[in-house]
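*Asks:* Below: one structure in structure tokens.
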Amino acid sequence: MNNRAANSATPASPSPANDAKNPDSAFLTEAAQGGMAEVMLGRLAASKAQNPDVKKFGQRMVDDHTKANNELKELAVKKNFTLPTDVNAKQKSLMDKLEGLSGADFDKAYVDAMVDDHEEDVDDFKDEAENGKDADVKAWAAKTVPTLQSHLDMIKGIQSKIK
């Protein structure tokens, strides 16, 4: 077998972080898209919300998730992982829906979406922290859980006041 044949018989294998079957890869992709969505939706809430607590929470999402997104970008570079550059279709749909609402309708829809999202995020990040394969990804997930839990507690408090 000549070198050319040997080279063509062994396709380049993706790095473990870029392998779609790797659970850490799926987590990193979802975390990146979720983080981008939180910033976009937070900006929208900070400018559009009627309730001052919802406005304040929106700005908190921009601040905290921008910081987490930057940490995630550093981790991705370290792991040679290419993060997505846009939100997923579900997140885009939510953004479109919220852009069409105003006043109390916007506040309620945004708050309800943030409760659902942060409940899911806390579960996903805890799961990654406990069951992930890559030590650095697990550590970042574990470090992020308290912030997400704090967001969930805050938004549930706001939700109980505006219902």
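*Asks:* Among the residues of the range 116-134, write down those that are of a type in the set (Asp, Glu) and assigned to a helix (DSSP H, G or I).
*Replies:* Asp116, Asp117, Glu119, Glu120, Asp121, Asp123, Asp124, Asp127, Glu128, Glu130
*Asks:* Another question about this same structure. Find the residue count for the range 75-115, including only residues that are in a helix (DSSP H, G or I) and surrounded by 13 or more Cβ atoms within 10 Å (Cβ to Cβ).
*Replies:* Qualifying residue count, the range 75-115: 19.
*Asks:* Still on this structure, I have one more. Only one residue in Ala89, Ala135 is of a type in the set (Gly, Ala, Ser), farther than 16 Å from Ala45 by Cα, under 16 Å from the mean Cα position of the chain (by Cα) and modelled with pLDDT of 95 or more. Which one?
*Replies:* Going through Ala89, Ala135 in turn, the sole match is Ala89.
*Asks:* Separate question: Can you spot a residue in the range 138-147 that is under 12 Å from the mean Cα position of the chain (by Cα), over 20 Å from Gln50 (Cα atoms), surrounded by fewer than 18 Cβ atoms within 10 Å (Cβ to Cβ) and of a type in the set (Ser, Thr, Tyr)?
*Replies:* no
*Asks:* What are the residues in the range 147-163 that are farther than 11 Å from Asp107 by Cβ and touching a residue at least 60 places away in the same chain (Cβ under 8 Å), if any?
*Replies:* Across the range 147-163, the qualifying residues are Thr147, His151, Met154, Ile155.
*Asks:* Suppose we filter the range 1-43 for residues that are farther than 30 Å from Lys97 by Cβ and modelled with pLDDT of 95 or more; how many remain?
*Replies:* 0
Residue-by-condition table, conditions (1) more than 14 Å from Ala31 (Cα to Cα); (2) of a type in the set (A, V, I, L, M):
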site	(1), (2)
Ala68	no, yes
Lys79	yes, no
Thr85	no, no
Trp140	no, no
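*Asks:* If you check Lys108 against the conditions, is it at pLDDT below 95 and either in contact with a strand residue (DSSP E or B) (Cβ under 9 Å, 6 or more places away or on another chain) or of a type outside the set (S, T, N, Q) (or both)?
*Replies:* Here the answer is no, as Lys108 does not meet what is asked.
*Asks:* Could you list, ordered by first residue, the pairs with Cβ atoms under 7 Å in which the first is in the range 44-55 and modelled with pLDDT of 95 or more and the second is buried (at least 16 other Cβ atoms within 10 Å of the Cβ) and part of a loop (DSSP other than H, G, I, E, B), at least 6 apart or interchain?
*Replies:* These pairs meet every condition: Lys55/Ala49.
The values are calculated or read from the model by the stated rules, or taken from the named source; none is laboratory data. If you're wondering where the values come from, they're calculated on a predicted model, not measured in any experiment. Counting neighbours? That spans all protein chains shown, and the Cβs are built from the backbone with ideal geometry, glycine included.
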